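What follows is calculated from the coordinates using simple rules that are stated; it is not laboratory data. Keep in mind the model is a prediction, meaning the values are calculated, not measured.
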Ligand SMILES: NC(=O)c1ccc[n+]([C@@H]2O[C@H](COP(=O)([O-])OP(=O)(O)OC[C@H]3O[C@@H](n4cnc5c(N)ncnc54)[C@H](OP(=O)(O)O)[C@@H]3O)[C@@H](O)[C@H]2O)c1
């Protein structure tokens, strides 16, 4: 980071993940100072107590803020934490928040996959070799998939990986194997808080594709873009295979001499496949290294608090690295 390290953080987004993040700041002695908190309509700036921000948010809208860049100029955070609701197509407002945070000279942490999947190179350009973007919550949330990918990247021997990366699709496919219609299965996932409000990104395979792009860039120096992923959603599942069970929406990426080849499709996994053991909303990634062999990371709670925990760990790591 270009300015002296100072544990000042600004939080954008006070929904499920943002509120869980502020709860964690209260519960844990992390030594962080909250200097700004914003939602879609307003912001608070100053020496803030997380509890007071939560009380303010529960009581009504935050006061109108000064605008993104002016807010960062005033608050001068070391880390901008983006927990905003993000449009998958435009990656906004997340992309603007991350760009503003990086332009202001600090580090950024995001729970949103779209800005990374759509603008990885431009966001990472200009970091001058310094790690300034934390995104563990964006590709696995509670599942430490990014942490394992970063550890394996240093070994430089991973040739491919396979992954089940959304909490929604296994739940929906299992319900369909039990005889439910796709619509009923998705509705049940929404009722249990597993599916996003717009589940088409999950069931259409694009959520998995975005996370594949993020993990591929974490592992390899590559130019994979989300539009370069060959995507088939769960609507493409063979009905007979679905009824037989064991179908999962699987993302696959492989490093070849010509670049990275990546795909997402419903696949009938053999019962002894490591990813076949995933149930309900569980996620998992199976990395294959030439010398390391197979490494499976699986599980993780599908819940806003899991994502908030990942984001907080990113903040603390980035501050430690900058110290
Ligand atoms: N929920 C999970 O378990 C989970 C896991 C991993 C990743 N994520 C990702 O994390 C993001 C947040 O999830 P969530 O469940 O907390 O969503 P949410 O409950 O819908 O809350 C989103 C928050 O973003 C705020 N917001 C919208 N536009 C903003 C802007 N321009 N500036 C500042 N804040 C803005 C909203 O403000 P208002 O309060 O004014 O509406 C709201 O407080 C989502 O994009 C999601 O995909 C979620």
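Determine the relative contact order of segment 147-299: mean sequence separation of Cα pairs under 8 Å and six or more apart, normalised by residue count, in whole percent. Don't jump to the answer; show the numbers that get you there.
Numbers: 294 pairs, mean separation 50.9, N = 153.
Averaging sequence separation for qualifying contacts and normalising by length gives 33 percent for segment 147-299.
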Worksheet item: Mind checking the angle between helix 167-177 and the chain's longest principal axis? C-alpha axes, 0 to 90 degrees, to the nearest 10.
Response: 30 degrees
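Sort largest first and round to whole Å: the equivalent ellipsoid semi-axes of segment 30-79, each the square root of five times a Cα gyration tensor eigenvalue. Walk me through the intermediate numbers first.
On the way: eigenvalues 57, 48, 9 Å².
The three semi-axes for segment 30-79 are 17, 16, 7 Å.
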Worksheet entry | Cα long-axis angle, helix 50-59 against the chain (0 to 90 degrees, to the nearest 10) | 80 degrees
Worksheet item: Please state the equivalent ellipsoid semi-axes for segment 1-50: what are the square roots of 5 times the Cα gyration tensor eigenvalues, largest first, in whole Å?
Response: 18, 15, 9
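Report the semi-axes of the equivalent ellipsoid for segment 220-320 in whole Å, largest first, where each axis is √(5λ) for an eigenvalue λ of the Cα gyration tensor.
Gyration-tensor ellipsoid for segment 220-320: 26, 21, 15 Å.
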Practice prompt. Pairs of Cα atoms under 8 Å, at least six residues apart: use those to get the relative contact order of segment 31-123, whole percent.
Written response: 23 percent
Worksheet item: Between segment 202-257 and segment 16-95, what is the C-alpha centre distance in whole Å?
Response: 32 Å
Item to complete: Could you give log10 I(q)/I(0) at q = 0.12, 0.15, 0.17, 0.18 Å⁻¹ for segment 159-247, computed by the Debye formula over C-alpha point scatterers of equal weight, without solvent?
Response: -0.40, -0.60, -0.74, -0.80
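Based on alpha-carbon atoms only, what is the radius of gyration of segment 147-299 relative to the globular estimate 2.2 N^0.38 Å? Before the final figure, lay out the partial values.
On the way: Rg = 15.2 Å, N = 153, 2.2 N^0.38 = 14.9 Å.
Compactness ratio reported: 1.02.
So what's the projected area for segment 201-266, the Cα convex hull averaged over all directions, in nm²?
Working: hull surface 18.5 nm².
Its Cα hull, projected and averaged over all orientations, spans 4.6 nm².
Over segment 6-102, what per residue volume does the convex hull of the Cα atoms give, in whole Å³?
Numbers: hull volume 8.8 nm³, N = 97.
Cα convex hull per residue, to the nearest whole number: 91 Å³.
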Practice prompt. Could you work out how far helix 16-27 tilts from the main Cα principal axis of the chain, as a 0 to 90 degree angle to the nearest 10?
Written response: 60 degrees
Item to complete: May I have the pair-distance distribution P(r) for the chain, computed from all Cα-Cα distances with 20 Å bins from 0 and rounded to whole percent?
Response: 33, 56, 11, 0
